[in-house]
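Worksheet for the structure shown next.
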Amino acid sequence: MRRGCPVAVLLCLAVGVVTIHHVHAQATFANVTLRANGGDLEAVVYLPQGLKPGEPTYYQSTRFDWSSMIGHITRTSTDWQGNKETHTLYGIRNWRVPHDPYWPESGMGLASEFGVGDDGSFCNFFCGWNHVNEVTNGVLGYRDAKIGESFLKIGVGELIKGSCSSCDSAEDYKFNSPYQFATPPVWTLDDPGDGRSITLNHEAVLREHGYQLKKEITLHDDQLLVKTTLRNIGRVPFATAWYSHHFFTCDSHPVGSGYEVDVDLAATDGEYEEPGTWSWATPLQDYAEIDATKDTVSIRMQRGVESNVRIKAEFVKDDHSRGGFTLKACHTSIHETIPEVSKSSSGISMYAYNLYVESGTFSPEPQIYIHLMPGQSTSWTQQLDFQDYLPPSLSSRFYSLQQNINPMMHSFHPPPIPMAVISILAGAVLGAFVMLRMTNRRRGSYNLIPDCDPLVNPHADIQDNNVCGFPRDLLCKG
Ligand SMILES: *[C@@H]1O[C@H](CO)[C@@H](O)[C@H](O)[C@H]1NC(C)=O
């Protein structure tokens, strides 16, 4: 196993990769930068097209909600000695570079999708953890449209059925392929001018289908709130899943040792499935330690993820889970909850819970289920709380120093903690691994095509980056 490889080699690799990543020039796109906490917390909202006329926009493709490009979070913390440390969270330098606004999966930060991140327009029966029926994959009016007619993708707009370059059979909705717009989507921006909040609005109506979407984005002290309100303005009910992809990296470090996430899935005992490992995915336990405690399941990366490796774990149902998690990397922890999940007045429940990992993203993906009658609306809020974080073995030393402090000791500086120590400690920990269950499971009409589709990849440069490091034939199975 490569887990045993010498720390020196790992460090050398890490330094090499970091150096390469600093070379990329950064393009600019229409945005609003929100600030809070005396300027110590900043988040960039990349605006949908048309809100700043003439400026290039970050995302114009057909998978993610255009109002969800929220990230490039810069957070400065001050330790007990007054030293300042600044980290960039959810940055854009690691994921699908060079960036292409017309490529469906080129989201950033909290990019969210209505649907499950899989192909197929609909799941009929036994869908998700709770075995619900009749769940649309974020698209409305797909099945009743003929080729060349329109359908709606929630958060994206009115698209043309059969217009994607990989639509071999138009019956099959391809979540990760670019479709042509039937009409450009319309967005409006409310900017109260307080520098820490904005609201984005959009709606689309087609035949008996329609939705209205509002996104309220607020920074407040050391917290980011992203509240989504979805209203059914059509004449027929619909149900959909929704998730935020969480394109997380920290200080542009490729995903590897030092990245951790605690997921709110204690009752699963860390059990998960990996249906993709038969074709396109790599087992999580080759790269991470998975530890179940009575409160949480911790996934700690142990080594770097090669550029052609993709990992997708699908956690088994946990009746108690409300989709919370805590990401930890570069001395920062980010705790996300969606307080409305399981509150009966919201009608929002859990749908599934996945973890997706590549070199360029560490993505916990709790998925929620939303059912709306005509005229009905519901809201849910991603609440991200930021905190300083040191890995436990180091923080116990740090805090005991802090407690013993007295005026005589003010000039005492603890030695800086080198990444090597963190790597060694992380590498030395041995935990119990969960049994990998490579079972296929019931997935309704969704199939197992992953986050990346080389068949429609128009750009040689993306291929060169090894985004899709597997033979076309594997995916091209009709
Ligand atoms: C945001 O927009 C400003 C111009 O308004 C630009 O200078 C800046 O680089 C943009 N930020 C990002 C992260 O694209």
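Values in this text are rule-based calculations from the coordinates and carry no lab data. What you are looking at is a predicted structure, and each value in this text was computed from that prediction instead of being measured. Quick reminder, even Gly has a Cβ in these numbers, built from the backbone with ideal geometry, and neighbours come from all protein chains shown.
Considering region 256-369, the qualifying strands (runs of 3 or more DSSP E), each wholly inside and each with 2 or more residues that are hydroxyl-bearing (Ser, Thr, Tyr), run over 332-337, 349-358. Filtering region 96-107 for residues that are within 16 Å of the ligand (Cβ to nearest atom), in contact (Cβ under 8 Å) with a residue 24 or more places away in the chain and buried (at least 24 other Cβ atoms within 10 Å of the Cβ) leaves a non-empty set.
Considering only residues that are crowded, with 20+ Cβ neighbours inside 10 Å and over 30 Å from Gly258 (Cβ atoms), which ones fall in region 373-397? Trp380 - this is the single residue of region 373-397 that is crowded, with 20+ Cβ neighbours inside 10 Å and over 30 Å from Gly258 (Cβ atoms). For region 235-272, the set of residues classified as over 17 Å from Ser363 (Cβ atoms) and in contact with a Lys or Arg (Cβ under 8 Å, 6 or more places away or on another chain) consists of Ser257, Ala266, Thr268, Glu271, listed by residue number.
In region 39-88, the qualifying residues are those that are away from the ligand (no atom under 15 Å from the Cβ), surrounded by fewer than 19 Cβ atoms within 10 Å (Cβ to Cβ) and among the acidic types (Asp, Glu), and the one that is farthest from His245 (Cα to Cα) is Asp79.
Taken over region 129-145, the residue count meeting the criterion of being surrounded by 21 or more Cβ atoms within 10 Å (Cβ to Cβ) and either in contact with a Cys (Cβ under 9 Å, 6 or more places away or on another chain) or assigned to a loop (DSSP other than H, G, I, E, B) (or both) is 7.
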